[in-house]
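Data first, discussion second: the structure below is written as structure tokens.
Bear in mind that the values in this text are calculations on the coordinates, not laboratory data. Everything numeric in this text was worked out from a predicted model, so none of it was measured. Counting neighbours? That spans all protein chains shown, and the Cβs are built from the backbone with ideal geometry, glycine included.
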Amino acid sequence: MTPDDRDDTPPSTPDPTTSDLATAPDATAARRKLVHLRWDLDKTYLQTNFDSVKDLVKTFWQKPEDKATVAGAQALLQSLMDPADRASRRVTFISGSPRQMRKVLMRKLCLDGVEPDMFILKPNLENLLRGRFRALRGQVGYKLKALLLSHMAAETVDEYLFGDDAEQDAFIYSLYADILAGQIDAVRMAAILSTCKVYRHDVDEIMAYHKQLAGSGEVVRRIFIHLDRRSPLDRFSAYGARVVAIYNYFQCAVLLLDAGLLPARGLVRVLAAMEGAGYTPERVANSVQDLMRRGFVQPPAIAKISAALDEAERVAERPARHFVQKFEDVVAGLEDIQRSSPPWERDINYLGLYHEARFRRQQHRWLGIRLLD
């Protein structure tokens, strides 16, 4: 495994004007479009508990083989990094874990068969030594700067971002997407960073990246937020259809299959992982029904799921085939469910969302629950 050991150096990007994408037919170009997968680590990929100092210490000293992944996350990421598509896929992990954990975390990813192109960890020791105490817990300045720094400036790139509800991933990821889409001008950007109490040095760097990248294009296709804390769904409605809160990674797999990003065998691979984690066919089918009721999945997608399962069922091992058949029986009854798709918001009130989230965190502290800022 050879992920880039440098924390702030983006991976190289193929020049679309010199690659075979420039002369390929439209269908081929669509299939080979560069896809950048951006993953958070704790509570998104790894099952991590850091709600107390004791939890933090335990996590720091935990061995790679003892770290557990969120159900379905490994199967999904491995399927998205299939060797057949690997040349057109880039994987970046941006984690709030300290850089001192790099060796352990890289070893864990290696054991999982996951090989990122870039792995960014937080410089917490540097922040501590420089007296930047807010930066130890704050995420906006760190993650937004890391996202902008590692953005791949290619005309043919699509980005899919994966985070969780334990921190501010929906806020940060959506803000990043709107910067690239040209929805956030410099004055508004400065106001947001000031409200978020980002340190001056980080503000200067982010504003420099903003000047360079603002208006690059609408490259962020989906933002998936794993509901580790089971946050209310209406907490994410203000972000529009780009942000999808998910209860499990089969929901994510369904949407990526519908988008043409995940092959049929990948869907079955994630389904098998859910079975291994104790999910029943009915429970997995309920998660698909949840997406349909929220308008993220329409009846034609159910036909795609059925076709994918039919294709995979012929080569699946017998235990998996039995699970797939039971799942298909339940899903078949969902084809009549149809809801209008949620809107794609064009003017998100980031200042209001930040103050609302801050108020919730203050309430939780008053109740004795420690959350990250």
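Brief remarks on what is shown
- For G240, net neighbour charge (Lys/Arg +1, Asp/Glu -1) across residues whose Cβ lies under 9 Å away: +1
- Relative exposure of T92, T156, judged by other C-beta atoms within 10 Å (fewest first): T156, T92
- Under 5 Å between amide hydrogens, built in the peptide plane, is the criterion, and for H36 it picks out R90, D158, E159, Y160 among residues at least 5 positions away or on other chains.
- Going from the fewest other Cβ atoms within 10 Å to the most, the residues V331, V284 appear in the order V331, V284.
- About the Cα centre, charge dipole magnitude for segment 261-342 (Lys/Arg +1, Asp/Glu -1 at Cβ), debye: 220
- Projecting the Cα atoms of A241, S287, Q251 onto the charge dipole of segment 224-307, computed from C-beta unit charges around the Cα centre, puts A241 farthest toward the positive end.
- Per-peptide average of other Cβ atoms within 10 Å, ordering 65-73, 199-207 highest first: 65-73, 199-207
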